[in-house]
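Visitor: Handing you this structure, nothing more for now.
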Amino acid sequence: MRNFGQRLRRGVAGLAVAATTFSGSSALAETLTDTLIDAYRNSNLLAQNRALLRAADEDVAVAISSLRPTLDFITDWGGVHPNPITGFSNTGNPTFDDNLSATFQLQAELILYAGGRNRRTIDSQKETVLATREALRSVEQSVLLQAVVSYMGVLRAIAFVDLRENNVRVLTQEKQATQDRFEVGEVTRTDVALADSRLAAAQSSLEAARGDLEVSRETFRTAVGRYPGTLATPGRLPATAASVQEAINVAVRTHPDVRRAQREVTVAEIGIEIASGAYRPTISGLITSSTETNNWNERHSLGVRLSQPIYQGGRLAALERQAMARRDAARATLLQTTLTVEESVANAWANLDVAKAQILATDLQIRAAEIAFEGTREEATLGARTTLDVLDAEQELLDARAAKIDAVATQYVAVYSLLSAMGLMTVDHLKLGIQTYDPAGYYNAVKSAPARLSPRGKQLDRVLRKLGK
């Protein structure tokens, strides 16, 4: 009897150690801030969307170039076969001209008036750049949130492995204690079989928990760019909002998806103006200088060209209607995006409330299960309880501790999910203390469409070297 009670006491002490695994931390352990920093620095998704933003910046430069003159070098080469006869020689043989001729031409052209389309195109591309910046910020939120989810997933998996390992140790001790009691005739073979069955089930659960840990480690590697080290439990939860309505109000103002949709509505509205401007004339100024090799005569010309659409087979009207349809679609997208963001905030808030309630409930459940397990164990030593009763009480305690681990992890994920839904899951808001990507740096270097050999072009080269591209 005494041996049985001692083994059970050591077992429940092991369960208590396993339960504190999730809340323990080491001074040298990797923190959640470390993980978020590495996720930001190593993210291929962020690198991809930064490149897409730089491509959008170049669209502004392309649009600005339409306001500037163009200079082209044009040359034509040709001949006639057979050569034309120009006369006869003294011997009576025909003579031929050199039939190879060439023309060299320099042509400069400047669009003087295009119905406002060029300037509105520039405005449209600038709005597209701002929308693309919001898309980049949305990706940043997603990357950081996934880092939090994977971090807590690894912590949860480690805690479950520790819990299952201690459970196996407890059941191993209980099995031995039951075997000892069977040998002295205090219990039956059925009690021994029950202990064996529970031990086998615990060993199976332990292997499953170890498998989950390996999966969590791979998920962490994808999210952060490396495998996890020794992880510390996060400290105080970040502040969010005083109420769900306040959180929704913040989200509608700041969430990058909403701001991006707003920019896209502006782009679509400008698109209608561009389509309407296609009905207006285009006026261009032309300067041409050419030289022909036959006589090396030079010709210089200066002119103005006016082009006015009269009939385009209905194409211009179709483009205008298409622009209006895109504007309507962009407006509907904005409304739907706003609803989706509001829903995400409400869901995250509800998940956070549920997690808080679960933590309180599991604390009560653990205390009650500990008392029940202790009492059942003592009663079993006196013969008032069976081995099955002890095993059931131990399983209830294990389930309660597992529920606490899951609830704590869920609470952390819910808080950061709420920040993401509010549009605040960014490096700056989280105060990670690292240098962030400057989306304006490249834009400022290319917005005036510099040539690579110009002073502005040299500035662009410096920006590219800084970006490591």
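Visitor: Please verify whether the range 353-363 includes one or more residues that are free of Cβ contacts under 8 Å to residues at least 12 places away in the same chain and either under 30 Å from Lys175 (Cβ atoms) or aromatic (Phe, Trp, Tyr) (or both).
Guide: There is no residue in the range 353-363 that is free of Cβ contacts under 8 Å to residues at least 12 places away in the same chain and either under 30 Å from Lys175 (Cβ atoms) or aromatic (Phe, Trp, Tyr) (or both).
Visitor: Right, something else. Only one of (1) at pLDDT 90 or above; (2) outside any helix (DSSP H, G or I); (3) buried (at least 18 other Cβ atoms within 10 Å of the Cβ) fails for Arg226. Which number is that?
Guide: If we test Arg226 against (1) at pLDDT 90 or above; (2) outside any helix (DSSP H, G or I); (3) buried (at least 18 other Cβ atoms within 10 Å of the Cβ), just (3) comes out false.
Visitor: Turning to a different aspect of this structure: Any residue in the range 188-205 that is surrounded by fewer than 17 Cβ atoms within 10 Å (Cβ to Cβ), modelled with pLDDT under 95, of a type in the set (D, E, K, R) and in contact with an Asp or Glu (Cβ under 9 Å, 6 or more places away or on another chain)?
Guide: no
Visitor: Right, next: Can we say Thr233 is outside any helix (DSSP H, G or I) and surrounded by 18 or more Cβ atoms within 10 Å (Cβ to Cβ)?
Guide: When the stated conditions are applied, Thr233 passes them.
Visitor: Follow-up. Does Arg221 satisfy being under 20 Å from Val148 (Cα atoms), touching a residue at least 12 places away in the same chain (Cβ under 8 Å), under 21 Å from the mean Cα position of the chain (by Cα) and surrounded by fewer than 18 Cβ atoms within 10 Å (Cβ to Cβ)?
Guide: Judged against the criteria, Arg221 is not a match.
Visitor: With the structure loaded, tell me whether Arg210 is within 40 Å of the chain's Cα centre (by Cα), surrounded by fewer than 17 Cβ atoms within 10 Å (Cβ to Cβ) and either at pLDDT below 85 or outside any helix (DSSP H, G or I) (or both) or whether it fails that test.
Guide: no
Visitor: To continue, here is another question. I'd like the full set of residues that are modelled with pLDDT under 70 and either outside any loop (DSSP other than H, G, I, E, B) or surrounded by 20 or more Cβ atoms within 10 Å (Cβ to Cβ) (or both), limited to the range 19-43.
Guide: Those that are modelled with pLDDT under 70 and either outside any loop (DSSP other than H, G, I, E, B) or surrounded by 20 or more Cβ atoms within 10 Å (Cβ to Cβ) (or both): Ala19, Phe22.
Visitor: Which condition from (1) part of a helix (DSSP H, G or I); (2) free of Cβ contacts under 8 Å to residues at least 12 places away in the same chain is the one that Gly185 breaks?
Guide: Going through (1) part of a helix (DSSP H, G or I); (2) free of Cβ contacts under 8 Å to residues at least 12 places away in the same chain one by one, Gly185 breaks only (1).
Visitor: Within the bounds of the range 304-317, is there any residue that is touching a residue at least 60 places away in the same chain (Cβ under 8 Å) and either touching a Ser or Thr at 6+ places or on another chain (Cβ under 6 Å) or within 30 Å of Leu419 (Cβ to Cβ) (or both)?
Guide: Taking every residue of the range 304-317 in turn, none turns out to be touching a residue at least 60 places away in the same chain (Cβ under 8 Å) and either touching a Ser or Thr at 6+ places or on another chain (Cβ under 6 Å) or within 30 Å of Leu419 (Cβ to Cβ) (or both).
Visitor: Give me a count of the residues in the range 290-303 that are without any contact (Cβ under 8 Å) to a residue 60 or more places away in the chain and part of a strand (DSSP E or B).
Guide: 6
Visitor: May I ask you to list pairs of residues, at least six apart or on different chains, whose Cβ atoms are under 7 Å apart, with the first in the range 195-208 being within 14 Å of Ala159 (Cα to Cα) and the second being assigned to a helix (DSSP H, G or I)?
Guide: Pairs that qualify, where the first residue is within 14 Å of Ala159 (Cα to Cα) and the partner is assigned to a helix (DSSP H, G or I), are Ser205/Arg164; Leu206/Arg164; Leu206/Glu165; Leu206/Val168.
Visitor: Now a separate question. If I go through the range 172-187 residue by residue, how many of them are modelled with pLDDT under 85 and hydrophobic (A, V, I, L, M, F, W, C)?
Guide: 2
Visitor: Oh, and also: State yes or no: is Glu127 modelled with pLDDT of 95 or more and over 30 Å from Thr35 (Cα atoms)?
Guide: It is true that Glu127 is modelled with pLDDT of 95 or more and over 30 Å from Thr35 (Cα atoms).
Visitor: Let me ask something additional. Look at the range 262-283 and say how many of its residues are of a type in the set (D, E, K, R) and over 24 Å from the mean Cα position of the chain (by Cα).
Guide: Qualifying residue count, the range 262-283: 3.
Visitor: Would you tally the residues in the range 60-71 being over 16 Å from Ala440 (Cβ atoms) and surrounded by 15 or more Cβ atoms within 10 Å (Cβ to Cβ)?
Guide: Of the residues in that region, 3 qualify.
Visitor: Check Ala108, Ala102 and return the single one that is surrounded by fewer than 19 Cβ atoms within 10 Å (Cβ to Cβ), touching a Phe, Trp or Tyr at 6+ places or on another chain (Cβ under 8 Å), outside any helix (DSSP H, G or I) and in contact (Cβ under 8 Å) with a residue 40 or more places away in the chain.
Guide: Step by step, each of Ala108, Ala102 is checked, and only Ala102 is surrounded by fewer than 19 Cβ atoms within 10 Å (Cβ to Cβ), touching a Phe, Trp or Tyr at 6+ places or on another chain (Cβ under 8 Å), outside any helix (DSSP H, G or I) and in contact (Cβ under 8 Å) with a residue 40 or more places away in the chain.
Visitor: Confirm whether Ser420 is under 26 Å from Ala51 (Cβ atoms) and assigned to a helix (DSSP H, G or I).
Guide: yes
Rundown of residues vs (1) among the basic types (Lys, Arg); (2) in contact with a strand residue (DSSP E or B) (Cβ under 8 Å, 6 or more places away or on another chain); (3) exposed (fewer than 12 other Cβ atoms within 10 Å of the Cβ), yes/no style:
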residue	(1), (2), (3)
Ile274	no, no, no
Ser284	no, yes, no
Val304	no, yes, yes
Pro309	no, no, no
Arg315	yes, no, yes
Arg327	yes, no, no
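Visitor: May I pose another question? Taking into account only those residues within the range 133-149 that are surrounded by fewer than 22 Cβ atoms within 10 Å (Cβ to Cβ) and among the polar types (S, T, N, Q), which is nearest to the chain's Cα centre (by Cα)?
Guide: Filtering first and then ranking leaves Ser142.
Visitor: Quick one: which of Gly153, Gly116 is surrounded by fewer than 17 Cβ atoms within 10 Å (Cβ to Cβ) and either within 30 Å of Tyr227 (Cβ to Cβ) or touching a residue at least 12 places away in the same chain (Cβ under 8 Å) (or both)?
Guide: Of Gly153, Gly116, the one residue that is surrounded by fewer than 17 Cβ atoms within 10 Å (Cβ to Cβ) and either within 30 Å of Tyr227 (Cβ to Cβ) or touching a residue at least 12 places away in the same chain (Cβ under 8 Å) (or both) is Gly116.
Visitor: Oh, and also: Can you spot a residue in the range 366-388 that is touching a Lys or Arg at 6+ places or on another chain (Cβ under 9 Å), of a type in the set (A, V, I, L, M, F, W, C) and within 29 Å of Thr233 (Cα to Cα)?
Guide: yes
Visitor: Still on this structure, I have one more. Among the listed residues Glu207, Glu269, Glu214, Glu246, identify the single one that is within 27 Å of Leu424 (Cα to Cα) and of a type in the set (D, E, K, R).
Guide: Glu246
Visitor: While we're looking at this one, here's another question. Kindly evaluate Ile287 against the criterion of being over 26 Å from Tyr151 (Cβ atoms), in a helix (DSSP H, G or I) and in contact (Cβ under 8 Å) with a residue 40 or more places away in the chain.
Guide: Considered against the rule, which asks whether it is over 26 Å from Tyr151 (Cβ atoms), in a helix (DSSP H, G or I) and in contact (Cβ under 8 Å) with a residue 40 or more places away in the chain, Ile287 comes out as no.
The values are calculated or read from the model by the stated rules, or taken from the named source; none is laboratory data. For clarity, every value in this text was computed on a predicted model and none was experimentally measured. Ideal geometry is used to build each Cβ from the backbone, glycine not excepted, and the neighbour counts take in all protein chains shown.
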